[in-house]
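Shown next, in structure tokens, is the structure this report addresses.
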Amino acid sequence: MNGYIVWFDGYSDHDRIRVGGKSASLGEMTAAGLPVPPGFAITTEAYHTLRNHPEIRSRVHSLLGSVDLLDADALEGVSAEIRRLIDAAEIPRDIVDQVTDAYAELCERCGVEDVPVAVRSSATAEDLPDASFAGEHDTYLWVRGADQVLAKMRRCWSSLFSARAISYRHEMGHDHDVISMSVAVQKMVVPRAAGVAFTLNPLDGDRSTVAIDASWGLGEAVVGGEVNPDNYLVDKVLFEIVKRKVSRKEMEIRVGDDDRVEQVAVDVERQTQPCLSDEEIRTVARLARRAERYYGVPQDVEWALDVHLPPGENVVLLQSRPETVWSRRPRVPISRPLGLEGIVATLLAPLDGRVGDRKEEGVGQTGSR
Amino acid sequence: MAQTRFPSPFDIPTPEGAEGWEELYTYSLPFSEDRREYEESMFWFQDGIHWGQALMPWDATFYEFAIASLSQYNTRHYIIPPALGVDYRVLNGYCYLSPVGVADPDEVTRRVPHFLERAGFYFGNWNDLYGKWMDKIRALIDRMEALSFDPLPEMEDIEVVTGGRGMGSGRDILARYHELVDLALVLWQHHFEFLNLGYAAYLDYFGFCKQAFPNIPDLAIARMVAGIEVDLFRPNEELKRLAKLAVELGVADKLMSGTVVEVVASLEASDEGRRWLAEWEEVKQPWFNFSAGGGFYHSDDIWIEKLEIPMGYLRGYIAKVQNGEDIERPIEEVRAERDRIVAEYTELLSTDEDREAFQQKLGLARVVFPYVENHNFYVEHWGHSVLWRKMRELGRVFVKEGFFTDENDIFYLRRDEVPEALWDMYSAWAVGTSPRGPKYWPREIERRRKILDVLSAWSPPKALGQPPEVVTEPFTIMLWGITSDSVNMWLGAGDGGEDEGSTLHGFAASPGVAEGPARVIFTADEIGTVQPGEILVAPITAPAWAPIFGTIAATVTDIGGMMSHAAIVCREYGLPAVTGTAFATRDIKTGQRIRVDGSSGTVTILG
């Protein structure tokens with residue numbers, strides 16, 4: 001085993017326990033053709049190498065054994081002490097090397113020096129593949145440079161001993177020694193454009209289409225309904241763009257030079273430009289369709305088009321969750337007579353407006369919610 | 001402001017110099033005071049799909065035969081509940097159609113059981129009846145081919161006397177002309193034996209798909225039924241086969257230059273050349289009975305009469321083969337793709353009940369569709385090709401007798417005038433004196449030529465009369481692509497729409513996006529000017545243009561419904577296409593850069 005690094009796109013099922021639930025899910029999605037932003041997991045072995053250092057092991061043991069867990073102040077003190085201990089420990093050379101190399105490779109893949117990444121904790125245990133709850137452990141966004149990645153990795157490790165984490169494990173009856181920590185390092189998305197995609201038409205429930213809302217910059221503007229997005233309907237089978245509406249997009253939320261998210265006005269000439277090319281529209285639709293197949297039910301997908309990634313790999317999936325409005329309605333058959341009766345009904349019913357694809361306006365908004 | 005109605009046919013002036021044009025057609029064809037009230041109450045659209053140019057007097061024959069036959073099947077054979085026939089007129093030489101519905105709802109209801117019985121019989125025995133249709137149509141064409149028109153003899157053969165025949169060549173030529181006209185009517189009766197029902201079944205399937213998937217592309221619906229091997233595309237497929245054979249036999253170079261006569265002579269010199277020629281001769285019948293246009297004008301070139309046309313296309317294919325390009329259609333891939341499309345939509349349906357209905361409707365659409373695609377070859381191409389040829393043969397008889405200067409002058413006569421001219425010829429031959437024709441017809445033809453020249457230069461309005469609130473007549477929508485949208489577009493365009501000249505909207509006939517210089521052409525003669533990479537802009541396209549579809553980037557047409565031949569051909573050849581834009585040939589100029597989005601149905605003029 002070369003040990004400490006598992007890339008999301010090199011993940012296989014036997015890595016699950018070493019990388020934790022979060023990275024496992026990113027790895028599975030990548031394998032399923034759902035391109036999440038690229039990155040890698042620093043496995044639990046790295047954490048164990050440090051945690052099992054005899055000195056740290058005995059200090060942690062004695063500190064935890066002596067504290068009254070109901071005494072908040074005392075717990076805070078012990079937590080701070082343990083975190084200081086982990087933060088100060090020397091990280092073995094081969095871990096440093098492997099993480100540094102992996103980060104360098106990620107930078108190369110993205111074609112960016114010091115590519116910004118998110119460094120996230122993923123607590124795990126042999127019989128508890130996902131031993132964390134939301135917000136329990138640390139997450140760091142916009143981390144740049146190998147040194148910072150290593151520093152944040154260490155903070156993630158030590159966050160296993162935050163006061164909240166210690167008391168949570170105590171309440172749940174988990175042994176502090178068997179809980180381990182993997183760290184996910186994932187490229188921060190810097191979107192040229194982003195938005196949402198539904199794997200059915202939210203206006204009429206048509207399951208043969210993917211409805212896409214897209215605007216410049218981060219998807220928050222679309223999700224929050226702060227901008228009139230471009231709107232596209234794409235057929236799921238032929239991936240033809242069956243309707244399109246380009247809106248005036250007056251503002252965008254973007255990542256500024258200092259990695260801060262800012263809201264800015266869009267240049268006039270860019271306001272009425274479509275924010276996706278036809279090929280990009282189809283790529284988003286394909287991605288949404290794959291998410292639907294993967295999860296087996298209609299999906300509501302957040303996606304982004306990353307400026308750093310090469311064309312063809314630049315559309316990434318940020319989040320996918322089940323669509324809830326149409327999916328909850330019972331699916332009823334089309335009551336249309338069969339055979340000759342059907343033909344008579346067809347001849348008698350006005351066909352106008354249903355024959356001929358004249359594409360113009362009339363695509364509804366899917367984004368504001 | 002958009003207009004609210006189209007001009008009355010009675011307000012359209014006769015172009016200067018075309019006075020008296022009405023006499024060139026059957027008396028019932030022009031709009032007239034006798035039926036003014038009715039005619040002004042109706043909606044008339046110009047049928048540019050089939051008859052986009054001014055009509056020669058004899059050419060009006062197929063117009064009348066076609067529309068009357070279509071109508072007869074709706075009204076009198078199958079008793080289509082809500083639809084009677086399509087009324088038809090000629091104005092200043094141009095064809096105008098008006099669908100006639102059944103106004104009384106009770107009458108519609110009374111028609112239903114008859115329709116169920118009659119259409120039911122056809123749907124129930126479709127393949128059997130279609131097999132018989134093929135036999136009928138081939139026998140009919142054989143009878144047309146057997147007709148011959150020869151100059152009247154100096155004296156009758158001795159056998160006429162010794163055989164006790166009791167009648168002569170003058171009567172024969174008259175009888176044969178009458179037979180030709182009769183066979184042409186039979187041809188058109190046969191044309192519509194299946195077509196209206198085929199459209200009805202397709203529409204039912206189409207309506208189901210649109211109801212299940214409101215945003216499904218028309219193209220996807222069409223692809224699920226489209227035939228893989230279609231007779232209409234055989235002429236082009238045969239050219240590809242001949243191109244490969246020429247390369248295989250090593251005679252390709254001999255084919256690449258010179259007239260057809262020169263090519264044949266040089267091929268005759270070798271065994272391989274003769275082998276290739278044998279194949280070429282074999283293919284001509286029937287596949288070169290193929291019109292370079294729609295087949296509705298005597299002036300449309302026909303491959304078998306103008307071998308330079310297929311030879312030109314053949315050379316294009318040979319060059320591709322020599323270049324190592326694959327000119328085969330990937331049949332297996334096309335099949336697999338069709339199956340995939342069907343499987344995916346089936347899966348996306350809501351319930352098993354829907355899946356069953358879908359299978360049933362798709363199944364019937366697939367049964368009827370081969371006829372919808374193939375009849376065109378047998379009637380408009382092969383049948384018409386023979387009829388035009390026989391008419392020219394008769395024209396040559398008149399030329400020999402001094403009536404005409406050119407064999408095609410015969411088309412300046414109405415079909416009811418031809419027997420009169422024949423009578424004149426026969427009677428003078430019988431009496432042994434001079435007919436009046438050689439003095440009368442050249443003068444009359446010259447007069448008519450001038451009128452038709454004026455009419456040809458005139459631009460017909462897209463529509464006349466009272467626009468309908470909604471267009472609901474199924475065949476009008478299917479075949480002619482006339483929808484409420486197109487009617488509104490025409491109404492809005494009279495005063496120059498807002499975005500006139502920058503964006504055109506039409507049917508998304510075939511997917512893909514292409515950008516390139518436009519080449520605007522109006523007739524098949526101009527096909528040779530089209531350069532590789534250009535975007536073809538034309539009033540319509542014809543199946544025979546298929547060979548250039550491999551070199552152009554996209555196609556844009558003024559007219560065409562979903563089932564128009566142009567739309568079928570574009571889909572078949574996978575060429576990005578927008579059809580039915582109404583104004584492409586008016587708004588786009590050759591050389592302008594345009595962007596064609598065959599997926600959204602828009603054409604943008606870039607400059």
At a Förster distance of 35 Å, what's the computed FRET efficiency of residue A:264 paired with residue B:606, Cβ-Cβ distance as r, to 0.05? 0.70
Expressed in Å to one decimal, the Kirkwood Rh of region A:173-218 from all distinct alpha-carbon pairs is 14.6
How large is the charge dipole for region A:224-363, taken about the Cα centre, if only the Cβ atoms of Lys, Arg (+1) and Asp, Glu (-1) carry charge, to the nearest 20 debye? 980
For chain A, the longest principal axis of the Cα atoms and the Cα long axis of helix A:16-31 enclose an angle in degrees, to the nearest 10, of 20
Cα lying deepest toward the dipole's positive end in region B:207-271, options B:230, B:261, B:209, charges on Cβ: B:209
Would you mind classifying region B:280-406 by shape? Square roots of the alpha carbon gyration tensor eigenvalues, ordered a ≥ b ≥ c; an a/c under 1.5 is rounded, otherwise it is prolate if a/b is larger than b/c and oblate if not. oblate
Mind checking the angle between helix A:93-110 and chain A's longest principal axis? C-alpha axes, 0 to 90 degrees, to the nearest 10. 20
Place a +1 charge on the Cβ of each Lys and Arg in chain B and a -1 charge on the Cβ of each Asp and Glu, then give the dipole magnitude about the Cα centre in debye, rounded to the nearest 20. 280
In chain B the DSSP beta bridges are antiparallel at a rate, in percent to nearest 5, of 75
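With viscosity set to 0.692 mPa s and temperature to 37 °C, compute the Stokes-Einstein D of chain B, Rh being the Kirkwood radius across alpha carbon pairs; µm²/s, no decimals. Provide the component values of the computation, followed by the final result.
Numbers: Rh = 26.2 Å.
Stokes-Einstein gives a translational diffusion coefficient of 125 µm²/s.
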At what distance in angstrom do the alpha carbon centres of region B:433-460 and region A:74-102 lie from each other? 103
Ordered by number, the GluC sites (Glu not before Pro) in region B:19-65 that occupy a DSSP loop and have at most 11 other Cβ atoms within 10 Å are B:19
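Between residue A:105 and residue B:72, what's the calculated FRET efficiency when r is the beta-carbon distance and R0 is 51 Å? Round to 0.05.
Calculated value: 0.10.
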Expressed as a whole number of Å, what is the distance separating the alpha-carbon centroids of region B:40-94 and region B:124-164? 28
How large is Rg over Rh for chain A, taking Rg from the Cα atoms and Rh as the Kirkwood inverse mean of 1/r across Cα pairs? 1.08
Give me the Å³ per residue figure for the convex hull around the C-alpha atoms of region B:57-110. 57
What is the Cα centroid distance between region A:259-288 and region A:188-208, reported in whole angstrom? 13
In Å and whole numbers, how far do the C-alpha atoms of region B:101-244 stretch along each principal axis, longest first? 74, 58, 26
So, R0 is 51 Å and r is the distance between the beta-carbons of residue B:466 and residue B:260; what FRET efficiency does that work out to, to 0.05? 0.45
What average count of beta carbons from other chains do you get within 10 Å of the Cβ of residues in B:476-484? 3
Assuming a ≥ b ≥ c are the square roots of the Cα gyration tensor eigenvalues, decide whether region A:4-114 counts as rounded (a/c under 1.5), prolate (otherwise, with a/b larger than b/c) or oblate. prolate
Whole-number D in µm² s⁻¹ for region B:6-114, Kirkwood Cα-pair radius fed into Stokes-Einstein, 25 °C, 0.890 mPa s: 162
Starting from the exponent 0.38 and prefactor 2.2 Å, build the expected Rg for region B:231-331 from its residue count and divide its actual Cα Rg by it. 1.06
Counting each DSSP H run of 4 or more residues in the protein assembly as shown as -39500 (n - 2.57), what helix-only mean residue ellipticity at 222 nm follows after dividing by all residues, to the nearest 500 deg cm²/dmol? -14000 deg cm²/dmol
Which values, in whole Å and largest first, are the semi-axes of the equivalent ellipsoid of region A:131-205 obtained as the square root of 5 times each eigenvalue of the Cα gyration tensor? 33, 22, 9
Suppose we take every Cα in the protein assembly as shown and form the convex hull; what volume per residue is that in Å³? 220
Can you give me the angle between helix A:163-172 and the longest principal axis of chain A, using Cα atoms only, in degrees from 0 to 90, rounded to the nearest 10? 80
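Throughout, read-outs are computed from the coordinates displayed, never taken from laboratory work. This structure is a prediction, so every number in the text was calculated from the model and none was measured. A quick note on method: Cβ atoms are made from the backbone with ideal geometry, for glycine too, and the neighbour counts reach across all protein chains shown.
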